[in-house]
Amino acid sequence: MSQDPLIEKLAKANGNIKKLCEFFAARNNWTVSADCKTSARDTTAAAAKLGEHLKVLIRAAGSDPKGPFDPLVETHESGIHDRARLDRFTAFLLDLDVWLVAQPGPSKDPKVIAALQEMESYVFSIVDLTGAIASEPEPPTTEAPAPVDDGAAQTAEPHGEADATTATTPEGVPLQLALDDTDQHPMVQDFQGMNELTEECKKLVDEYLAAWKLEYSYYNRKRLLERILRWINSAPEGHVLVIKMKTVEEPIQPYPSYISREVLAGNPPAKDP
């Protein structure tokens, strides 16, 4: 039986998935309202579920996934994601997953395998992009952490009581990691036309994870570093990325927040009289 109808349907689905990936990439600095966070997580979960099924099909066919798609899109101005639209995206991903699972397989047709690999690469990026949206970054804090001597990225403990995310922090473990991208101590660089983290930044991240006794596979570490790159590039003007650990539930995982560079340096803004 010819696979042409399946290839055509996969090609159409890939066109829609690519548009969805580019939609989120162009809005990677957008936020979600309080009533939209669950919808954002649902979108991530639906994409992750679809991605896992795609990996199973690709490997059953004797091939390997291609890795993430890197959409080249123009970034939109800051905005807020709409819950209804995220819910529609989630429904689309779930419906596509149901259709995909219902297909007889695995297929050995090279065109089908190539289409599945293409779809997985788009979905891989959607999981990463929507995961960053759903990670609930904190607004810039007004509390002053330990002063920074030279503006270099370093770990620092905040003053005052720890919030709920650090309530179970092991003794002696750094509560947070500040990554201040400056000309003197760059955290991001352009190398052969690619925007990437510097080796110093990667080392700081690895040391922070090691202090928490977190071990990442090559694949998961690569994904985390890609997210950190976006977090640094998305930092509001005059603010620094501060990575903290979410410990209220398992597994423990890092999440982004931002702090004013002046506050990080120990110079909180003057209060009104």
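Of all lysines in the structure, the ones whose alpha carbon falls short of 22 Å from that of LYS9, not counting any fewer than 8 places away in one chain, are LYS18, LYS19, LYS49, LYS55, LYS66, LYS108, LYS111. Going from the residue with the fewest nearby Cβ atoms within 10 Å to the one with the most, THR130, THR198, THR44, THR75 rank THR75, THR198, THR44, THR130. Straightening the chain between VAL248 and SER217 buys 8.9 nm, computed as 0.36 nm per residue apart minus the Cα-Cα spacing. Any chance you could check the Cα centroid distance between segment 17-55 and segment 170-198 for me, in angstrom? Measuring centre to centre over Cα atoms gives 25 Å. Distance between the 7 Å Cα→Cβ label points at GLN184 and PHE92: 4.7 nm. Once you divide the Cα radius of gyration of segment 4-133 by 2.2 N^0.38 Å, the number left is 1.06. Placing unit charges on the Cβ atoms only, positive for Lys and Arg and negative for Asp and Glu, gives segment 25-79 a dipole magnitude near 260 debye about its Cα centre. Rg and Dmax of segment 50-106, both derived from C-alpha coordinates alone, stand at 15.5, 43 Å. Straight-line cross-link partners of LYS203 among the lysines, defined as a Cα under 22 Å from its Cα and at least 8 positions apart when in the same chain: LYS213, LYS222, LYS244, LYS246.
In this simple spin-label model, placing a label point 7 Å from the Cα along the Cα-to-Cβ direction at both GLU77 and ALA26 gives a separation of 1.5 nm.
Read-outs throughout are calculated quantities, based only on the coordinates presented, and are distinct from any laboratory measurement. Predicted model only: the values in this text are computed from it and were never measured. So basically every Cβ, Gly included, is an ideal-geometry build from the backbone, and we count neighbours across all protein chains shown.
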